[in-house]
1. Compare the Cα positions of Ala62, Ala52, Phe86 along the charge dipole of the stretch 22-108 (+1 at Cβ of Lys, Arg; -1 at Cβ of Asp, Glu; about the Cα centre) and return the one farthest towards the positive end.
2. If you place +1 on the Cβ of every Lys and Arg, -1 on the Cβ of every Asp and Glu, and leave all else neutral, what size is the dipole of the stretch 22-108 about its Cα centre, to the nearest 20 Debye?
3. Can you give the relative contact order of the stretch 22-108 as a percent, counting alpha carbon pairs under 8 Å and 6+ residues apart?
4. Set the Förster radius R0 to 30 Å, insert the Cβ-Cβ distance between Ala9 and Val94 as r into 1/(1 + (r/R0)^6), and round the FRET efficiency to 0.05.
5. What is the local net charge at Ala74, summed over the other residues whose Cβ is closer than 12 Å to its Cβ (Lys, Arg +1; Asp, Glu -1)?
6. Treat each spin label as a single point 7 Å out from the Cα along the C-beta direction, and report the Tyr105 to Gln26 distance in nm.
7. What ³J(HN,Hα) values, in whole Hz, does the Karplus curve 6.51 cos²θ - 1.76 cosθ + 1.60 give for the stretch 22-34 when θ = phi - 60°, with x put for Gly and Pro?
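Values in this text are rule-based calculations from the coordinates and carry no lab data. Just so you know, these numbers come straight off a predicted model, no measurement behind them. Every residue, glycine among them, receives a Cβ derived from its backbone with ideal geometry; neighbour counts consider all protein chains shown.
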Amino acid sequence: MRNVNSLLAVVALTALFTAGCVGPEQKMGRGVSNVTSVVNMGEINRGVEQSAVMGTPGPGYATGFIHGFNQTLARTGMGVYEIVSFPFPPYHPVMTKYVSPTQGYPDSYKPGLIDGPTFQTDTYFGFSGGDEFPFVPGSRFAVFPN
């Protein structure tokens with residue numbers, strides 16, 4: 001009987017922390033997205049682009065890379081914090097003074113949905129759009145760009 005009571009207590013606590021709460025889901029999603037931004041390299045590409053366009057192209061590349069790398073580290077740390085603390089409030093984005101709450105991409109690239117049958121309903125007819133290789137940094141090729 002003791003085992004059943006402890007099992008019911010664990011199930012009740014799990015339901016209390018996870019059921020119907022949009023805040024923890026969004027916080028966990030932001031955290032995972034921010035931790036995986038190292039693979040994306042969007043902040044580094046944005047830093048290089050912004051420093052080369054707004055500053056001088058020569059030293060702007062190195063300065064932009066370092067700035068983008070620092071932003072990536074800050075975003076990764078923010079993501080680890082949000083993953084660890086996702087069941088507890090506050091659920092709004094933290095550190096917004098230093099890092100934007102959304103992923104950083106260069107201004108010359110706006111990501112779209114991945115091209116595939118999940119998001120493109122007319123793939124079976126041979127007509128679809130979206131990015132071909134969005135997971136490859138620097139990929140700008142899109143089928144049927146609007």
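1. Result: Phe86, furthest along the dipole toward the positive end.
2. Using only the charged Cβ atoms, the result is roughly 140 debye.
3. Answer for the stretch 22-108 is 44 percent.
4. Efficiency, from the Cβ-Cβ distance: 0.45.
5. Result for the local shell: +1.
6. Output for this residue pair reads 2.1 nm.
7. So the J values, rounded to whole Hz, are 6, x, x, 5, 5, 5, 5, x, 4, x, 5, 4, 5.
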